[in-house]
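Here the structure is laid out as structure tokens; the discussion comes afterwards.
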Amino acid sequence: MKAGFGEADITPAVPCSKIGWIKDVKATRILDPLHAKALVLEESGGALGIIALDTLSIRWTQVERIRKGISALGFPGDRVMISTTHNHAGPAVAHEGDVERDEAYLDGLVDRSVAAFRQALDRREEAEVGFGRAVEMGVVLNRRVVYRDGLVRTHGSLAHPDALFVEGPVDPEVAVMAVRSVSGTMLGATVSYALHPTYHGDDECISANWPGVMATRLAARGVPVTLFLQGTQGNMSTGDPLRPGHEPDMETVGQVMAEAARRALEGIRFTAHPKLRLSSEVVPLPYRQATEDEWHGRIRGAQRFVDPDAYERAIPRLRRKIAERGGVKPAQVQALGIDDHVFVGLPGEVFVQLGLAIKERAFPLLAHPVMANGMLGYIPHLDAFKRGGYETTFTAGVDMAPETGDLLVDAAVRRIGALGGS
């Protein structure tokens, strides 16, 4: 097998608008740089690629442009998964609330993503790959609290006398794919985990968030390039529902995750001849058929954060978009198979219940859901709509039909099945 890693700086110039907080937050300083990171794997005529971006999201139009640029390098662009860390402390890569997307930045992001991939191609060498696993539950919590009235409060408090329980599970699995040269030198790794990176979202800083801290710590331990592949983190948080307002800082979370990745690296068994496979499909997904009360956040269980008026200002644009698309949005579900492990690209903030369902139904293959290849917004599991909360309150980022999650799970399982065994 041949493998190579590459990276390019995608830090925006400041001042600039940020995204991830609904309101228009202006960044005025760089806390730490953002990167586009790329990995290329080639074996026996097969090839796969992964790009990880330190941004909140990536739109399908940018995915297509990046893949076209990669194809021009002589590598099949359709065999590349383009993921994001879901970083809330990055630039305006999409329209959200009152924030307009930064088209000039996006042009540069496309170019630099292709440049990172070109570097990975240039750095290809004979290599080996292996997978490891650790469990980490010290920094991740389900942020949806169920109250006695049957409703969820996102970021609710279990200390409230009417609070009953946390709605669902977490996914504690830290999955690591390590790549080393045939001489034993570590070339880089991917780390998959499901946890929101929301630090510095509402302040003036640009930062790669806790995944950036993790990558820096791993570099100090001999892993020169780490691609963080965000999992099904739609309802995952570092905030503690037992003590609202208290959570570990960004440096602590990054350090904890670096230590978890280190544990996963221990005892990895490498192979120089992995079987590389690809399977993908485009799924037509329905937009939500919303009532006027849903459009305006008047239904039971609706929960609007930050600036309720920003939701109202977004309605005309959202109505036009849904009408223009005929109520249906196509989305790619992509599976990259590497021996008995599969990275499954899902375009949205998928709830952890759905990611765990994919993992369970994929057995005996080992599935690692990844936020990749587009952005549908929040994708809750079906029962979440009965309880409401922020992630089900209708807006531009929560506009897909309740059955979308199940449709994505079914498509993911189909794609994994199409890969066959190792």
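The values are calculated or read from the model by the stated rules, or taken from the named source; none is laboratory data. Since the model is a prediction, treat every value here as computed from it, not as a measurement. FYI the Cβ positions are ideal-geometry reconstructions off the backbone, even for glycines, and counts take in every protein chain you see. Heads up: the accessible areas ignore ligands, DNA and RNA and are worked out on the full protein's heavy atoms, side chains in. Shrake-Rupley method; radii C 1.70, N 1.55, O 1.52, S 1.80 Å.
Semi-axes, largest first, in whole Å: what does sqrt of 5 times each Cα gyration tensor eigenvalue give for the stretch 300-339? Walk me through the intermediate numbers first.
Values: eigenvalues 198, 69, 18 Å².
They are 31, 19, 9 Å, listed from largest to smallest.
Hey, what's the per residue convex hull volume over the C-alpha atoms of the stretch 266-422, in cubic angstrom? Could you put the intermediate results ahead of the total?
Values: hull volume 20.0 nm³, N = 157.
Value for the stretch 266-422: 127 Å³ per residue.
Picking from 322, 19, 50, which is most flexible by a Gaussian network model of the chain using Cα springs under 10 Å?
Between 322, 19, 50, it is 322 that shows the largest mean-square fluctuation.
Find how much the distance from residue 292 to residue 61 grows on full extension, using 0.36 nm per residue of separation minus their present alpha carbon separation; answer in nm with one decimal.
Separation in residues times 0.36 nm, less the Cα-Cα distance, equals 80.1 nm.
Please compute the per residue accessible area over the stretch 155-288 with all protein chains in place, 1.4 Å probe, rounded to a whole number of Å².
With all protein chains present, the stretch 155-288 gives 37 Å² per residue.
According to a simple spin-label model (label point 7 Å from Cα along Cα-to-Cβ), what is the distance in nm between residue 319 and residue 306?
Calculated label separation equals 2.3 nm.
Express the Stokes-Einstein translational diffusion coefficient of the stretch 1-55 in µm² s⁻¹, to the nearest whole number, given a Kirkwood radius over alpha-carbon pairs, 37 °C and a viscosity of 0.692 mPa s.
My calculation gives 242 µm²/s for D.
If 226, 198 are ordered by their accessible area, calculated over protein heavy atoms with a 1.4 Å probe, which sequence runs from highest to lowest?
198, 226
How large are Rg and Dmax for the stretch 251-346 when calculated on the C-alpha trace, in angstrom?
21.9, 58
Considering only DSSP states other than H, G, I, E and B, which GluC sites (Glu not before Pro) in the stretch 75-149 qualify as loop sites with at most 13 other Cβ atoms within 10 Å?
100
Given a Förster radius of 56 Å and the C-beta distance between residue 382 and residue 122 as r, what FRET efficiency does 1/(1 + (r/R0)^6) yield to the nearest 0.05?
0.75
Using only Cα atoms, find the angle between the long axis of helix 352-362 and the longest principal axis of the chain, and express it within 0 to 90 degrees, rounded to the nearest 10.
Between the helix axis and the principal axis of the chain, the angle is about 40 degrees.
Under a 5 Å amide H to amide H cut-off, with H placed in plane at 1.01 Å, what residues pair with residue 329 once short-range neighbours are removed?
285, 287
Taking Rh as the Kirkwood radius, which is the inverse of the mean 1/r over Cα pairs, what is the Rg/Rh value for the stretch 348-422?
1.01
Could you state the angle between the C-alpha long axis of helix 308-324 and the longest principal axis of the C-alpha atoms of the chain, as a value from 0 to 90 degrees rounded to the nearest 10?
Approximately 70 degrees, to the nearest ten.
Once you have the alpha carbon radius of gyration of the stretch 178-254, what is it after dividing by 2.2 N^0.38 Å, with N set to its residue count?
That works out to 1.29 for the stretch 178-254.
Multiplying the sequence separation of residue 269 and residue 181 by 0.36 nm and subtracting their Cα-Cα distance, what value in nm do you get?
Fully extending the segment from residue 269 to residue 181 adds 30.3 nm.
Using only the alpha-carbon atoms, how far is helix 250-265 inclined from the longest principal axis of the chain? Give it as 0 to 90 degrees, nearest 10.
40
For the chain, modelled as a Gaussian network with Cα springs under 10 Å, which listed residue fluctuates most, 24, 107, 202?
107
Just the Cα atoms of the stretch 168-325, one point each, no solvent: what log10 I(q)/I(0) does Debye give at q = 0.13, 0.17, 0.20, 0.21 Å⁻¹?
Values, matching the q order: -0.88, -1.12, -1.28, -1.34.
Determine the equivalent ellipsoid of the stretch 138-210 by diagonalising the alpha-carbon gyration tensor, then write out the semi-axes as square roots of 5 times the eigenvalues, largest first, rounded to whole Å.
Its equivalent ellipsoid spans semi-axes of 37, 18, 7 Å.
Can you compute 3J(HN,Hα) from phi for each residue in the stretch 49-57, using the Karplus curve 6.51 cos²θ - 1.76 cosθ + 1.60 with θ = phi - 60°, rounded to whole Hz and x for Gly and Pro?
With the stated coefficients, the stretch 49-57 comes to x, 9, 10, 10, 10, 7, 10, 5, 7 Hz.
Quick check for you: with a 1.4 Å probe and neighbouring chains kept, what is the accessible area per residue of the stretch 24-97, in Å²?
For the stretch 24-97, the solvent-accessible area averages 32 Å² per residue.
Keeping all protein chains in place and using 1.4 angstrom, which order do 210, 60, 21, 295 fall into by accessible surface area, from largest down?
Values: 210 0, 60 100, 21 65, 295 25 Å².
Putting 210, 60, 21, 295 in descending order of accessible area: 60, 21, 295, 210.
Bin width 5 Å, alpha-carbon pairs only: give the P(r) of the stretch 96-139 as whole percents, running from 0 to the bin holding the largest distance.
5, 13, 11, 11, 11, 11, 17, 16, 4, 1
Starting from the amide H of residue 11, placed 1.01 Å from N in the peptide plane, find each other amide H under 5 Å away whose residue is 5 or more places distant or on another chain.
34
Considering only protein heavy atoms and a probe of 1.4 Å, how much of the accessible area of the stretch 1-159 is carbon and sulfur, as a whole percent?
Carbon-and-sulfur percentage of accessible area, whole number: 48.
With the chain treated as a Gaussian network of Cα nodes joined by springs under 10 Å, which of 181, 192, 113 yields the largest mean-square fluctuation?
In the Gaussian network model the winner is 181.
Give me the log10 of I(q) over I(0) for the chain at q = 0.07 Å⁻¹, as the Debye formula computes it from C-alpha points; what are the numbers?
Here the Debye-derived log intensity ratios amount to -0.30.
What are the residues whose amide H is under 5 Å from the amide H of residue 95, where those residues sit 5 or more places off or on another chain and H is modelled from the backbone?
For residue 95, the qualifying residues are 101.
What percentage of the solvent-accessible surface of the stretch 209-315, computed with a 1.4 Å probe over protein heavy atoms, is contributed by carbon and sulfur atoms?
The computed percentage sits at 51.
Taking θ = phi - 60°, what integer Hz values does the Karplus form 6.51 cos²θ - 1.76 cosθ + 1.60 yield along the stretch 370-383, in sequence order, with x for Gly and Pro?
10, 6, 7, 6, x, 8, 9, x, 6, 10, x, 6, 4, 5
Quick one: what Rg and Dmax do you get for the stretch 194-238 from the alpha carbons, in Å?
Gyration radius and largest Cα-Cα distance of the stretch 194-238: 11.9, 33 Å.
Which value, to two decimals, describes the C-alpha radius of gyration of the stretch 115-179 once divided by 2.2 N^0.38 Å?
1.94
Would you mind computing the Rg to Rh ratio of the stretch 75-208 from its alpha-carbon coordinates, Kirkwood style for Rh?
Details: Rg = 20.3 Å, Rh = 19.0 Å.
Ratio of gyration radius to Kirkwood radius: 1.07.
Mind giving me the nanometre distance, one decimal, between the label points for residue 73 and residue 44, set 7 Å out from Cα along Cα→Cβ?
Going from the residue 73 label point to the residue 44 one covers 2.5 nm.
Give me P(r) over the stretch 1-111, computed from all C-alpha to C-alpha distances, binned every 10 Å, as integer percentages.
14, 45, 27, 12, 2
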